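This report concerns only the one structure given below.
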Amino acid sequence: MSTPIKPSSTLTLEQKKNITRRNFLSFATLGFGALSGILGWNWVRKQPEVDGTVAPLRSMLETNGFLNETVLYSNAHLAPEYPRSAAAVEPRTNGDVGLDEDIDARDWKLTIVDTKIGKPLELVLADIMALPKTEIVFDFKCVEGWNEIQHWGGVRLSDVFRNYALPTDFRYVGMSTPDKAYYVGLDMASALHPQTLLAFESNGQDISFEQGYPLRLIIPVKYGIKNIKRIGTIILTNERPPDYWAEQGYDYHAGL
């Protein structure tokens, strides 16, 4: 049975002093914490920007990305997959940068540049579609906060590398639309992840103009901002490629 609290009138002088001391320390700690937070945030806000984000926050993002790539990343880490019946009938479209011009698949080509050699490899859609087809139904996630289960079909980017003997010893893969208006940078490990696809189908049909016809990237281990539509060029490089949304202040790695 708990001991009842004594009325303040029955407390000894020493007990009253202890209570007063504890109250003072509690409020002093709370006030110090609040003041430190305000001063710290003001200091952060006054720091120079790096790639659209104040330097301390950018440094934190880069550290998280480094740990994700070097410590936490694994090809065994797979995005959950779902039955086709769970997929949205019409996958949500979001963003149209790089899709301004009409395009005919017969005139489109994919240019892959090995920066050590310089001589590009050029592929047409039929070259890509001739490789083993892979399908995936997964939960597509956007940094804006929405998500949707979607069904995509295409070829593994790793199969393209394997079939055309492309080197995998580069640190990065850069991709851009034919007009260079939209571009992303990926670490090589994520690009070669077994669920990363060069997709040409959605729900068993050719992908739509709005979804990146005739070929787009589907990379379930990244947020939607990395899933570039209408790929025109792929660059293999050891220098970190530019990234459209990282330049706007978003996390360069955008990993899940």
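Points worth noting:
- Residue in segment 112-122 that is surrounded by the most Cβ atoms within 10 Å (Cβ to Cβ), counting only those that are closer than 19 Å to Arg162 by Cβ and free of Cβ contacts under 8 Å to residues at least 40 places away in the same chain: Pro120
- Residues in segment 123-138 that are more than 28 Å from Val89 (Cα to Cα) and within 27 Å of the chain's Cα centre (by Cα): Leu123 only.
- Just one residue in the set Tyr82, Tyr73 is hydroxyl-bearing (Ser, Thr, Tyr), surrounded by 13 or more Cβ atoms within 10 Å (Cβ to Cβ) and modelled with pLDDT under 65; that residue is Tyr73.
- Cβ separations smaller than 7 Å between residues 6+ apart or across chains give no pair from segment 136-165 residues that are not assigned by TED's automatic domain parsing to the domain that holds Gly224 to residues that are part of a strand (DSSP E or B) and at pLDDT 95 or above.
- In segment 85-96, the residues that are assigned to a loop (DSSP other than H, G, I, E, B), surrounded by fewer than 15 Cβ atoms within 10 Å (Cβ to Cβ) and not acidic (Asp, Glu): Ala88, Val89, Arg92, Thr93
- Flag: Arg230 matches the condition of being touching a Ser or Thr at 6+ places or on another chain (Cβ under 6 Å), among the charged types (D, E, K, R) and modelled with pLDDT of 95 or more.
The values are calculated or read from the model by the stated rules, or taken from the named source; none is laboratory data. Please read these numbers as outputs of a predicted model, since none were measured by experiment. Virtual Cβ from ideal backbone geometry, glycine too; neighbours counted across all protein chains shown.
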